[in-house]
Amino acid sequence: MKKKQLWFTLALAAALPLSAQQKPVYLDENRPIEERVEDALGRMTLAEKLHVIHAQSKFSSGGVPRLGIPELWTDDGPHGVRPEVLWDEWEQAGWTNDSCVAFPALTCLAATWNPDMSLLYGQSVGEEARFREKDVLLGPGVNIYRTPLNGRNFEYMGEDPYLSSRMVVPYVQGVQQNGVAVCVKHFALNNHEVNRHNTNVIVDDRALYEIYLPAFKAAVQEGKAWTIMGGYNLYQNQHCCQNERLLQDILKGEWGFDGAVVSDWGGVHNTEQAIAHGVDLEFGSWTDGLANGVSNAYDNYYLANPYLELIQAGKVGTRELDDKVRRVLRLIFRTAMNTRKPFGSMCSPEHYDAARRIGEEGIVLLKNEGGLLPIRLDEVKKVAVVGENAVKMMTVGGGSSSLKVQREVSPLDGIRARLKGKAEVTYVRGYVGDVGGEYNGVVTGQDLKDDRTPDELIAEAVQVAKEADLVIFVGGLNKSAGQDCEDSDRASLSLPYGQDRVIEALAEANPRLVVVNISGNAVAMPWVDRVPAIVQGWFLGSEAGNALASVLTGDVSPSGRLPFTFPVRLEDVPAHSLGEYTGERRRDTVDIRYNEGIFVGYRWADKQKKVKPLFAFGHGLTYTTFEYGKPTVDRKTLTVDGTVTVRVKVKNTGSREGQEVVQLYVSDLKSSLPRPVKELKAFRKVRLAPGEEQEVSFTLGRDALSFFDADRHEWVAEPGKFEAIVAASAADVKGKVAFELK
Ligand code: GLC
């Protein structure tokens with residue numbers, strides 16, 4: 001090429017706009033993400049770096065407009081995508097295109113004991129979040145069920161770290177397949193709502209590592225969660241959103257988390273701690289951004305101007321800032337700038353189908369004396385449905401997981417639709433609980449007002465019950481303060497609103513009584529011996545009535561198992577008998593000692609020779625019966641790096657198809673530290689036709705045998721005798737087989 005032509009070509013190339021030239025690395029999705037992060041970081045000014053690590057509105061954080069790096073849009077919640085809110089408000093913005101599908105609450109998902117349902121759940125709710133153009137979905141929650149009073153247990157996955165770990169991973173994967181980040185919360189030890197902003201949890205390392213961390217660790221290391229949300233509470237006198245041990249040492253250090261730590265809304269309290277202790281995205285520091293009397297309070301967030309001032313005064317460097325920005329950029333490249341992500345979908349038939357199937361698989365049949373269920377459609381001609389929860393919408397309220405649904409099928413609607421043409425369904429209120437129906441501007445439109453006295457309501461219910469072939473009482477809790485609701489706990493284990501009295505009266509009036517408990521928590525059942533059939537109905541979301549009716553009529557055999565223990569009394573719960581629950585107030589914090597240590601839930605129940613739970617962890621009946629063979633092991637001894645495979649045959653000995661959840665617990669017969677009688681280490685849900693038999697096998701490695709030795713700060717599998725315990729619940733052991741770790 002002649003010299004002149006060469007110069008001309010070079011001049012032309014130099015003149016071409018950026019876009020036509022070789023793309024800058026950070027914009028090139030074919031380049032490794034770490035190269036893109038470094039390239040973008042190198043181009044950003046100090047002001048731009050600070051801008052991306054804190055909120056710019058209620059649910060969004062800034063991008064870098066100059067470089068074409070987009071903002072991050074987050075939204076609640078674990079059960080469905082929250083409606084759009086005003087820039088600085090919790091109030092909904094009144095859009096008309098943001099009604100969603102409400103999926104069942106996560107305790108119901110955990111109760112399916114079916115990781116396939118978790119994947120389906122994550123995919124479905126992730127598609128709705130993607131369609132709504134959200135980059136981060138603020139869920140799931142995996143805090144351990146330590147007390148049945150915790151207002152937010154319905155958003156979590158129960159009392160056992162292994163069950164929560166197995167059920168959270170597919171949910172994370174399902175959501176993130178859509179190019180939407182999960183935000184696993186609330187890290188960590190946020191196990192009740194009373195004094196949630198200043199409760200300082202004191203817990204030993206053994207319980208921290210064996211009980212409270214595993215589900216988060218699984219979400220990070222197996223699920224590859226892209227963000228984690230810090231909790232409001234304190235641990236070791238540092239708020240969890242700025243907690244060096246939790247965020248730096250454990251999450252980012254031991255676990256190698258490469259994502260971003262998002263604060264809970266208002267969880268950051270101090271600039272220096274936030275800089276040094278590992279929070280990467282500060283949200284909600286003032287509940288309405290602009291109200292603190294300055295032009296834009298977001299610039300006054302702890303990680304905004306106050307941070308800039310410390311840098312400019314030479315008091316801090318920018319090393320921590322660059323680490324935060326790297327993590328936020330990585331998050332943006334995985335989500336907002338990910339051009340290969342699918343487009344999602346919303347309110348699709350598939351999502352309603354998923355919501356119903358998850359509900360059907362999570363509903364737990366607690367008791368079924370005399371086979372009162374399933375409803376015999378050829379015999380039952382008059383059904384009385386009693387109770388406020390048969391009609392009350394449950395998708396509005398409860399705190400940040402509240403939703404604006406396209407529709408919600410109530411238990412009564414579901415039962416009426418399914419029995420149409422087969423039985424006459426009469427409804428009476430039975431009791432009056434919470435007549436409210438609004439949250440953040442979302443209204444249910446229901447008028448539940450009823451001024452009658454309890455006596456009048458009960459008299460009416462008894463009258464109707466006497467004339468019915470079958471009575472279905474639908475009660476339980478709801479999403480109002482003091483029930484299953486964020487930022488408050490329940491005052492007692494009892495059912496509210498005088499429901500026990502209604503149930504007793506109904507049992508007196510007609511022995512053919514089914515009680516359906518709609519709740520995310522265990523409740524006391526003083527009438528348990530007088531009621532032949534009891535169903536744990538959960539908060540089931542948009543398809544509530546259809547899922548419930550399917551199970552009550554036997555279209556679907558119930559296959560849910562309890563993800564937490566139902567105690568008879570509150571005193572049977574270690575958080576209340578050993579304490580502490582409400583703890584004692586020190587200056588500006590409330591110290592709560594987790595004195596029970598690792599003995600949470602069935603781990604405690606197993607130690608109590610006298611006290612038996614009302615219903616055990618893992619309990620759930622079906623409409624058929626199963627028989628177990630004798631469990632066997634493929635070897636009697638194993639080395640610490642070896643494995644042992646446990647096999648057991650299960651047979652459906654009834655006349656209907658059913659699903660059984662085969663649970664495998666491990667018992668360490670002799671250990672240098674106290675260990676629970678048994679601990680869940682594997683489970684499998686198997687569907688069996690009448691007469692069908694399947695062999696289920698579980699392979700156990702050292703993880704299943706180890707305990708956390710806090711002094712050595714490591715997991716230890718001690719040589720000695722172990723037992724593999726095959727069970728249908730923590731209280732229903734089917735067989736044991738011994739083996740030895742050499
Ligand atoms: C709330 C909750 C958290 C939620 C966030 C945004 O206070 O604790 O779970 O995601 O703030 O609504």
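The values are calculated or read from the model by the stated rules, or taken from the named source; none is laboratory data. For clarity, every value in this text was computed on a predicted model and none was experimentally measured. Every residue, glycine as well, gets a Cβ built from its backbone with ideal geometry; the counts of neighbours run over all protein chains shown. The protein model used for the area step is the full one, side chains on, heavy atoms only, and it has no ligands, DNA or RNA in it. Shrake-Rupley method; radii C 1.70, N 1.55, O 1.52, S 1.80 Å.
Quick check on my filter: what residues within segment 120-173 are in a helix (DSSP H, G or I) and farther than 22 Å from residue 684 by Cβ?
124, 125, 126, 127, 128, 129, 130, 131, 153, 154, 155
Quick one: in segment 271-301, which of the residues that are at pLDDT 95 or above and farther than 22 Å from residue 335 by Cβ is nearest to the ligand (Cβ to nearest atom)?
Across segment 271-301, the extreme among qualifying residues is 274.
The conditions are (1) under 25 Å from residue 91 (Cα atoms); (2) modelled with pLDDT of 95 or more, and residue 436 fails exactly one of them. Which is it?
Result: residue 436 fails condition (2) only.
Is it true that residue 487 is surrounded by fewer than 19 Cβ atoms within 10 Å (Cβ to Cβ) and touching a residue at least 40 places away in the same chain (Cβ under 8 Å)?
Criteria met by residue 487.
Looking at segment 167-191, I want the residues that are closer than 30 Å to residue 593 by Cβ and have a partner that is more than 16 Å from the ligand (Cβ to nearest atom) and of a type in the set (Gly, Ala, Ser) with Cβ atoms under 7 Å, at least 6 apart or on another chain. Which pairs are those?
167/110; 167/118; 168/218; 168/223
Table: residues versus (1) under 30 Å from residue 509 (Cα atoms); (2) away from the ligand (no atom under 16 Å from the Cβ); (3) within 30 Å of the chain's Cα centre (by Cα).
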| site | (1), (2), (3) |
| --- | --- |
| 324 | no, yes, yes |
| 329 | no, yes, yes |
| 332 | no, yes, yes |
| 349 | no, yes, yes |
| 381 | yes, yes, no |
| 387 | yes, yes, yes |
| 393 | yes, yes, yes |
| 409 | yes, yes, yes |
| 426 | yes, yes, no |
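For residue 641, state whether it is in contact (Cβ under 8 Å) with a residue 12 or more places away in the chain, closer than 23 Å to residue 738 by Cα and assigned to a loop (DSSP other than H, G, I, E, B).
It is true that residue 641 is in contact (Cβ under 8 Å) with a residue 12 or more places away in the chain, closer than 23 Å to residue 738 by Cα and assigned to a loop (DSSP other than H, G, I, E, B).
Looking only at segment 93-118, which residues are among the small types (Gly, Ala, Ser) and either within 16 Å of the ligand (Cβ to nearest atom) or part of a loop (DSSP other than H, G, I, E, B) (or both)?
93, 94, 99, 102, 105 - these are the residues of segment 93-118 that are among the small types (Gly, Ala, Ser) and either within 16 Å of the ligand (Cβ to nearest atom) or part of a loop (DSSP other than H, G, I, E, B) (or both).
Any residue in segment 518-544 that is within 18 Å of residue 354 (Cβ to Cβ) and in a loop (DSSP other than H, G, I, E, B) sitting within a Cβ distance under 9 Å of a residue that is acidic (Asp, Glu) and open to solvent by less than 10 Å² (accessible area, probe 1.4 Å)? List the pairs, counting only those 6 or more apart or interchain.
Between residues of segment 518-544 that are within 18 Å of residue 354 (Cβ to Cβ) and in a loop (DSSP other than H, G, I, E, B) and residues that are acidic (Asp, Glu) and open to solvent by less than 10 Å² (accessible area, probe 1.4 Å), the close pairs are 539/484.
Would you confirm whether any residue within segment 442-452 is of a type in the set (A, V, I, L, M), more than 30 Å from residue 191 (Cβ to Cβ) and at pLDDT 95 or above?
Looking through segment 442-452, at least one residue is of a type in the set (A, V, I, L, M), more than 30 Å from residue 191 (Cβ to Cβ) and at pLDDT 95 or above.
I'd like the full set of residues that are within 15 Å of the ligand (Cβ to nearest atom) and among the small types (Gly, Ala, Ser), limited to segment 49-92.
55, 57, 60, 61, 77, 80
Please work out if residue 646 is assigned to a strand (DSSP E or B) and more than 21 Å from residue 562 (Cβ to Cβ).
yes
When residues of segment 565-610 are filtered for being in a loop (DSSP other than H, G, I, E, B), more than 25 Å from residue 110 (Cβ to Cβ) and not hydroxyl-bearing (Ser, Thr, Tyr), how many remain?
Counting residues in segment 565-610 that are in a loop (DSSP other than H, G, I, E, B), more than 25 Å from residue 110 (Cβ to Cβ) and not hydroxyl-bearing (Ser, Thr, Tyr) gives 9.
Restricting to segment 101-150, give me the number of residues that are closer than 15 Å to residue 347 by Cα and touching a Ser or Thr at 6+ places or on another chain (Cβ under 7 Å).
Final tally of qualifying residues: 5.
Return the residues of segment 629-663 that are open to solvent by 10 Å² or more (accessible area, probe 1.4 Å) and touching a Gly at 6+ places or on another chain (Cβ under 7 Å); say none if nothing qualifies.
The answer is 630, 643, 649.
Does segment 581-590 include one or more residues that are open to solvent by less than 20 Å² (accessible area, probe 1.4 Å), at negative phi and touching a strand residue (DSSP E or B) at 6+ places or on another chain (Cβ under 8 Å)?
Among the residues of segment 581-590, at least one is open to solvent by less than 20 Å² (accessible area, probe 1.4 Å), at negative phi and touching a strand residue (DSSP E or B) at 6+ places or on another chain (Cβ under 8 Å), which makes the answer yes.
For the list (1) farther than 19 Å from residue 521 by Cα; (2) away from the ligand (no atom under 16 Å from the Cβ); (3) among the aliphatic types (A, V, I, L, M), I need the number of the one condition that residue 163 fails.
Of (1) farther than 19 Å from residue 521 by Cα; (2) away from the ligand (no atom under 16 Å from the Cβ); (3) among the aliphatic types (A, V, I, L, M), only one is false for residue 163: (1).
Considering each of 601, 554, 618 in turn, give the residue that is surrounded by fewer than 20 Cβ atoms within 10 Å (Cβ to Cβ) and of a type outside the set (Ser, Thr, Tyr).
554 is the lone residue from the list that is surrounded by fewer than 20 Cβ atoms within 10 Å (Cβ to Cβ) and of a type outside the set (Ser, Thr, Tyr).
Among 220, 268, which is at pLDDT 95 or above, more than 16 Å from the ligand (Cβ to nearest atom) and either closer than 27 Å to residue 715 by Cβ or not basic (Lys, Arg) (or both)?
220
Go over the candidates 448, 495, 457 one by one and state the one that is in contact (Cβ under 8 Å) with a residue 12 or more places away in the chain, part of a helix (DSSP H, G or I) and open to solvent by less than 30 Å² (accessible area, probe 1.4 Å).
Every option except 457 fails the conditions.
Report, by residue number, each residue of segment 196-217 that is assigned to a helix (DSSP H, G or I), of a type in the set (D, E, K, R) and either within 16 Å of the ligand (Cβ to nearest atom) or open to solvent by 20 Å² or more (accessible area, probe 1.4 Å) (or both).
Within segment 196-217, 205, 206, 217 meet the criteria.
Residues of segment 112-132 being within 26 Å of residue 615 (Cα to Cα) and buried (at least 24 other Cβ atoms within 10 Å of the Cβ), which ones?
The answer is 112, 113, 114, 117, 118.
Taking only pairs six or more apart or across chains, which ones have beta-carbon atoms under 6 Å, a first residue in segment 397-426 that is under 26 Å from residue 139 (Cα atoms) and in a strand (DSSP E or B), and a second residue that is open to solvent by less than 10 Å² (accessible area, probe 1.4 Å) and of a type in the set (Gly, Ala, Ser)?
Between residues of segment 397-426 that are under 26 Å from residue 139 (Cα atoms) and in a strand (DSSP E or B) and residues that are open to solvent by less than 10 Å² (accessible area, probe 1.4 Å) and of a type in the set (Gly, Ala, Ser), the close pairs are 405/102; 405/542.
This table checks each residue for (1) surrounded by 24 or more Cβ atoms within 10 Å (Cβ to Cβ); (2) under 12 Å from the mean Cα position of the chain (by Cα); (3) modelled with pLDDT of 95 or more; (4) within 15 Å of the ligand (Cβ to nearest atom).
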residue	(1), (2), (3), (4)
134	yes, no, yes, yes
137	yes, no, yes, yes
150	yes, no, yes, yes
155	yes, yes, yes, yes
172	yes, yes, yes, no
176	no, no, yes, no
180	yes, no, yes, yes
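Among the listed residues 433, 437, which satisfies the condition of being open to solvent by 20 Å² or more (accessible area, probe 1.4 Å) and either within 16 Å of the ligand (Cβ to nearest atom) or in contact with a Phe, Trp or Tyr (Cβ under 7 Å, 6 or more places away or on another chain) (or both)?
After applying the criteria, what remains is 433.
Just checking, which of 39, 76 is modelled with pLDDT of 95 or more, among the acidic types (Asp, Glu) and touching a Pro at 6+ places or on another chain (Cβ under 8 Å)?
39
Restricting attention to segment 471-484, which residues are surrounded by 24 or more Cβ atoms within 10 Å (Cβ to Cβ) and within 21 Å of the chain's Cα centre (by Cα)?
Within segment 471-484, 476, 477, 478, 479, 483, 484 qualify.
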